[in-house]
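Here is the structure we will look at, set down as structure tokens.
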Amino acid sequence: MDLSKRFDGKSVVITGGAVGLGLAAAERIAAEGGDLFLVDMNEEGLANAKKSLEETFPGVKVETFAADVSQEAEVKAYVAKAIEVLGKIDGFFNNAGIEGKQNPTHQFGSDEFARVIGVNLNGVFFGMQEVLKHMKERGYGRVLNSASVGGIRGVGNQSGYAASKHGVVGLTRNSAREYGQDNISINAIAPGAIMTDMVRHSLEQMGGENWEEVGKEFVKANPTNRFGKPEEVGALVAFLLSDDAGFINGTVIPIDGGQHAMY
Ligand code: NAD
């Protein structure tokens, strides 16, 4: 079997695809021959991602679309455009997310709660609705939502994030029961601490200039005592969006160095 051909002829939409885990997944899928449609609010990041992907993986089609996933109309627009330019959506990595400010629940702030839910939960739901219509018509699809270790365990000081990511797990399990007969799988990943901009900002919120020292303590929450690498997540995403994972459905897969086993 030639794994480098796993995404030949396939089209994959990735939200939050400009940087971080979305970009790492894009790189892995492009390396395996897949065409890409990257959605993000960060237009400069999208342009950089497109340039580097096209340079590194000639022959792979990379389209980008600037949208805010918390806005339903913008989600409808990016899904319609993806179908128009790629012809179809085989895989959907529903990944865009924000962490939000860290505060205990009584000081969290209702506006901040709504903002985080708007991106992480509403954005995932809107994306699933639109993409699933298309996949159901075609009788094929792989959906992968970004949850978090904070979607299966308590983390503290992150009411909005925890509620949104537990919600993503709920959406994943619920919808997986509805589309299995249409040859559509719906799963989620639950990353622990993977070193991306999001995690660095989070460490800065906790430790300011000493964020790297805080990071060393932070990773003791998992048995490997290190941060995960974005490319390790990219490899898992590619597997779960590929036909190799056709019988995996409705599950939430931690990628956290074993953090979930330590509670
Ligand atoms: P990141 O901050 O590095 O990248 C997130 C991307 O999403 C950015 O490009 C950003 O512009 C985009 N984005 C944010 N809000 C958006 C919106 N409203 N509309 C469109 N795009 C938007 O984060 P990351 O670490 O790559 O995280 C990706 C996903 O993985 C998130 O859902 C995050 O919650 C989840 N996750 C990450 C970790 C980790 O350790 N890095 C752990 C658990 C879960």
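The values are calculated or read from the model by the stated rules, or taken from the named source; none is laboratory data. Keep in mind that what you see is a predicted model, and the values were worked out from it rather than measured. Neighbour counts are summed over all protein chains in view; Cβ atoms, including those assigned to glycine, are modelled from backbone coordinates with ideal geometry. For the accessible areas, the whole protein counts, side chains as well, though only heavy atoms, and no ligand, DNA or RNA atoms are used. Shrake-Rupley method; radii C 1.70, N 1.55, O 1.52, S 1.80 Å.
Pairwise alpha-carbon distances in region 152-228 exceed 17 Å for 58% of all pairs.
What does the charge count near Gly45 come to, summing +1 for each Lys or Arg and -1 for each Asp or Glu among other residues with Cβ under 13 Å from its Cβ? Let's see the in-between values first.
Values: positive: Lys50, Lys51; negative: Asp40, Glu43, Glu44, Asp197.
Here the count lands on -2.
Using all Cα-Cα distances in the chain, what percent lands in each 5 angstrom bin from 0 up to the longest? Histogramming the chain at 5 Å steps yields 1, 6, 13, 18, 21, 17, 12, 7, 3, 1, 0 percent. Per 5 Å bin from zero, what fraction in whole % of the C-alpha pairs of region 43-192 is there, up to the bin with the longest pair? Cα pair-distance distribution for region 43-192, in percent: 2, 9, 17, 18, 19, 16, 11, 6, 2, 0, 0. Modelled this way, with points 7 Å down the Cα-to-C-beta line, the labels at Lys133 and Thr251 are 3.2 nm from one another. How many angstrom lie between the Cα centre of region 57-82 and the Cα centre of region 100-147? Each part reduced to its Cα centre gives a spacing of 16 Å. What the Cβ-Cβ distance of Asn174 and Gln71 gives, at R0 = 30 Å and to the nearest 0.05, is a FRET efficiency of 0.85. Amide H to amide H, with H built 1.01 Å from N, Ile98 comes under 5 Å of Asn120, counting only residues 5 or more places away or on other chains. Scanning residues 5 or more positions from Lys10 or on other chains, those with amide H under 5 Å from its amide H are Asp35, with H placed 1.01 Å from N in the peptide plane. Surface exposure of the chain, expressed per residue as accessible area with a 1.4 Å probe, stands at 45 Å². Overall, the accessible surface of the chain at a probe of 1.4 angstrom is composed of carbon and sulfur to the extent of 51 percent.
Please go through the residue pairs Lys81/Lys229; Lys50/Lys76; Lys81/Lys136; Lys76/Lys101; Lys5/Lys220; Lys50/Lys216 and name each one whose alpha carbons sit more than 26 Å apart in this structure. Can you show the working numbers first?
On the way: Lys81/Lys229 31 Å; Lys50/Lys76 22 Å; Lys81/Lys136 18 Å; Lys76/Lys101 28 Å; Lys5/Lys220 38 Å; Lys50/Lys216 33 Å.
Distance filter (> 26 Å) returns Lys81/Lys229; Lys76/Lys101; Lys5/Lys220; Lys50/Lys216.
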